[in-house]
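Have a look at the structure below before the remarks.
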Amino acid sequence: MIDLHTHSTFSDGTDTPRELINFALSAGITTLALTDHDSIAGWEEAKQSVRGNLSLVLGAEISCLTSDGISVHMLGLLFDGANAKMAQMLSETRDSRIPRIKKMIELLNNEGIDITMEDVLNVVADGATVGRPHLADALVARGFIASRNEAFDGLLNNDSKFYVSHLAPTPEVAIAQIKEAGGVSVIAHPFASFRGATLELDAFEPLVKAGLNGIEVNHRDQTETERLQLLDIAKGMSLVITGSSDYHGAGKLNSLGENSTDPRQWELLEAMADQRRVVKQ
Ligand code: AMP
Ligand code: ZN
Ligand code: FE
Ligand code: FE
């Protein structure tokens with residue numbers, strides 16, 4: 001069972017990389033990708049935790065913004081973690097997430113919701129990428145809401161008046177950078193329409209020109225219709241098809257392996273990286 005999209009405490013997941021790998025082993029996962037938001041800080045612990053016959057794929061989920069302001073998540077897998085330009089691209093996004101959360105806090109404060117940056121930092125693990133789920137956790141801790149889910153259904157969703165975006169590369173720039181670092185790129189949940197605006201059909205061609213390798217078709221946030229549309233696009237453009245859980249530990253309902261990738265599709269994808277970088281014990 002191949003699961004190519006999961007999060008740890010180095011972003012907004014609630015399991016450490018070590019715990020994540022232990023849960024993956026007991027869930028029967030054979031190939032697991034660690035894809036924290038805009039960060040590779042969990043790679044080292046993950047590498048050290050690999051056991052048994054688990055194959056570990058190191059990656060990141062890169063937050064992107066199109067020139068039209070559409071939010072896109074790009075999974076970069078199997079790239080060289082020592083690539084300096086990749087590190088810079090990721091750190092610029094991470095840095096801009098701090099003033100972004102501060103702006104969201106200010107907007108919430110203006111409406112009488114009494115929350116501080118300190119409250120947020122209290123719920124962020126050391127070295128983790130700060131995101132809306134942490135702001136949600138802080139609002140839960142302060143008793144304003146009951147859960148992350150409630151936050152994303154209202155106060156903190158993409159269409160909320162409290163939503164603020166952060167700096168992010170365009171999908172084309174992220175794809176090119178992943179490729180330059182030797183890795184492969186898979187666009188994550190591109191038609192997850194209930195999250196907000198999604199890409200138009202004609203937006204895929206420039207991504208493929210930039211070097212896009214695959215599309216995450218099977219993901220819980222995409223309806224059957226959306227998956228079929230993506231399947232058509234993937235087949236028409238000879239892109240690899242993936243499925244994954246987007247597991248976040250206790251932070252979301254998603255369970256490990258709830259969607260998975262066909263081994264033949266993974267074989268194709270892995271062969272597109274500039275060298276073999278899968279980590280085994
Ligand atoms: P951000 O990157 O800071 O804009 O926050 C977006 C992240 O919040 C996404 O990566 C999702 O994984 C997470 N998220 C979205 N909806 C929910 C939800 N209902 N419950 C928990 N986390 C969510
Ligand atoms: Zn997340
Ligand atoms: Fe995502
Ligand atoms: Fe994700």
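Please state, rounded to one decimal and in Å, the Kirkwood hydrodynamic radius that the stretch 1-129 gives when every pair of distinct Cα atoms enters the mean of 1/r. Final number for the Kirkwood radius of the stretch 1-129 is 16.0 Å.
Taking the centroid of alpha carbons for each part, the stretch 167-226 and the stretch 46-117 are 15 Å apart. Report summary: the helix-based calculation at 222 nm, which adds -39500 (n - 2.57) for every DSSP H run with n ≥ 4 and divides by the residues of the chain, gives -11000 deg cm²/dmol.
As a rough guide to protection, the peptides 159-172, 124-137, 100-113 ranked by mean Cβ packing within 10 Å, highest first, stand as 124-137, 159-172, 100-113.
Rounded to the nearest whole Hz, the Karplus-based 3J(HN,Hα) values (6.51 cos²θ - 1.76 cosθ + 1.60, θ = phi - 60°) of the stretch 205-219 follow the sequence 4, x, 5, 5, 4, 6, x, 3, 9, x, 10, 7, 8, 8, 8, with x at glycine and proline. Using a cutoff of 8 angstrom between alpha carbon atoms and counting only pairs six or more residues apart, the relative contact order for the stretch 1-131 works out to 24 percent. Each peptide in 261-270, 138-147, 58-67, 39-48 receives the mean, over its residues, of other Cβ atoms within 10 Å, and ordering these scores from highest gives 58-67, 39-48, 261-270, 138-147. Take every DSSP beta bridge whose two residues both sit in the chain, then give the antiparallel share in percent to the nearest 5. The antiparallel proportion sits near 45 percent.
Other residues lying with their Cβ under 15 Å from the Cβ of V140 contribute a combined charge of -2, Lys and Arg counting +1, Asp and Glu -1. Other residues within the sphere of radius under 13 Å centred on the Cβ of D95, judged by their own Cβ, net out at +2 (K and R +1, D and E -1). What you get for the chain, charging only the Cβ of Lys and Arg (+1) and of Asp and Glu (-1), is a dipole of about 460 debye around the Cα centre.
Rounded to the nearest 20 debye, the dipole size of the stretch 1-125 about its Cα centre is 360 debye, using +1 on the Cβ of Lys and Arg and -1 on the Cβ of Asp and Glu. Modelled spin labels at N157 and V140, positioned 7 Å past Cα toward Cβ, are 1.9 nm from each other. Each other residue within a Cβ distance under 15 Å of I21 adds +1 if Lys or Arg and -1 if Asp or Glu, for a net charge of -2. Normalising by residue count, the stretch 159-281 has a Cα convex hull of 148 Å³ per residue. Projecting the Cα positions of I215, S244, V278 onto the charge dipole of the stretch 212-281 (unit charges on Cβ atoms of Lys, Arg, Asp and Glu, taken about the Cα centre) puts V278 furthest along the positive direction.
The numbers here are math on the coordinates, done by the rules we state, and not lab data. In this text the structure is predicted, and so the values were computed from the model without any measurement. Positions of Cβ are backbone-derived with ideal geometry, glycine not excepted, and every protein chain shown enters the neighbour counts.
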